[in-house]
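Student: Below you'll find the structure I mean.
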């Protein structure tokens, strides 16, 4: 009797499993069918693309890169394809998409920001970001107010999207980012960076003096320099060495 009851219980459970499987299959088929139907309806045809977040890349270029999606079913447009189309621009760091029913695709662009101009051997300026990536210029006018670093790179070497990896440049990028983090008020005072005897030098945009920054207490030493500059009489050709603890050492320009 016990074996017979046990057999009936197993058969009863099997019926529940079969019912669950069939129900799940039906729901899946209905879901796929509904999705396929929605992705083929003209009701969701893409008619409008909105753009936000971009400051360097013109709207016209983004619209041109995504124009092939106009007229397609909004739900059927692969987001990965749109992102790949836009990431071909060296300025693009991240793309966020939002599909707004019934007819709109909203594109939010996060751009790479130029932090330094690389001056080529020929004398042209090329913006690079914090990772050393050369950024495209979309105008002959230099719209970014950032310092300059003169190099022996040729214009052909400074193609948009190229990542520059020279140790000297990395040191300058690291210093610039330290200043941006520890003494951001000092950034507008920087017009140029130089490497002299493998030492980073800064040119003061306002006074023209050459500054050798400290490795330690950077923010405090830069504040001391500004105080001395504002209250002293430092010659424009002078070199201001901040590597001495709690001191601002002024030297002649040839030292």
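The values are calculated or read from the model by the stated rules, or taken from the named source; none is laboratory data. What you see is a predicted model, and the numbers here were worked out from it, not measured in a lab. We place every Cβ from the backbone using ideal geometry, glycine too, and count neighbours over all the protein chains shown.
Student: Assigned by TED's automatic domain parsing to the domain that holds residue 136, modelled with pLDDT of 90 or more and not in a loop (DSSP other than H, G, I, E, B), is that true of residue 49?
Tutor: Spelling it out, it is not the case that residue 49 is assigned by TED's automatic domain parsing to the domain that holds residue 136, modelled with pLDDT of 90 or more and not in a loop (DSSP other than H, G, I, E, B).
Student: For the structure I just gave you, tell me whether residue 142 is more than 18 Å from the chain's Cα centre (by Cα), closer than 30 Å to residue 223 by Cβ and in a loop (DSSP other than H, G, I, E, B).
Tutor: Judged against the criteria, residue 142 is a match.
Student: Determine whether segment 163-175 contains at least one residue that is in a loop (DSSP other than H, G, I, E, B) and touching a residue at least 60 places away in the same chain (Cβ under 8 Å).
Tutor: No, segment 163-175 has no match at all.
Student: A further question follows. Between residues in segment 176-189 that are free of Cβ contacts under 8 Å to residues at least 12 places away in the same chain and residues that are assigned to a helix (DSSP H, G or I) and crowded, with 18+ Cβ neighbours inside 10 Å, which pairs lie under 7 Å by C-beta distance while being six or more apart or on different chains?
Tutor: Sorted first by the residue in segment 176-189, then by its partner, the pairs are 187/179.
Student: How about segment 106-127: which of its residues are under 26 Å from residue 66 (Cα atoms) and either crowded, with 18+ Cβ neighbours inside 10 Å or under 11 Å from the mean Cα position of the chain (by Cα) (or both)?
Tutor: The answer is 107, 109, 110, 111, 112, 113, 114, 127.
Student: Might you let me know whether segment 242-254 holds any residue that is within 26 Å of residue 118 (Cβ to Cβ) and surrounded by 18 or more Cβ atoms within 10 Å (Cβ to Cβ)?
Tutor: Yes, some residue in segment 242-254 is within 26 Å of residue 118 (Cβ to Cβ) and surrounded by 18 or more Cβ atoms within 10 Å (Cβ to Cβ).
Student: Could I ask something else about it? Please give the number of the condition residue 186 fails out of (1) in a helix (DSSP H, G or I); (2) within 30 Å of residue 251 (Cβ to Cβ); (3) out of contact with any helix residue (DSSP H, G or I) (no Cβ under 6 Å at 6 or more places or on another chain).
Tutor: (3)
Student: Could you say which residue among 67, 80 is touching a strand residue (DSSP E or B) at 6+ places or on another chain (Cβ under 9 Å), surrounded by fewer than 13 Cβ atoms within 10 Å (Cβ to Cβ), part of a helix (DSSP H, G or I) and modelled with pLDDT of 90 or more?
Tutor: It is 67.
Student: Looking at segment 154-174, can you tell me whether even one residue there is surrounded by 14 or more Cβ atoms within 10 Å (Cβ to Cβ) and touching a helix residue (DSSP H, G or I) at 6+ places or on another chain (Cβ under 8 Å)?
Tutor: Taking every residue of segment 154-174 in turn, none turns out to be surrounded by 14 or more Cβ atoms within 10 Å (Cβ to Cβ) and touching a helix residue (DSSP H, G or I) at 6+ places or on another chain (Cβ under 8 Å).
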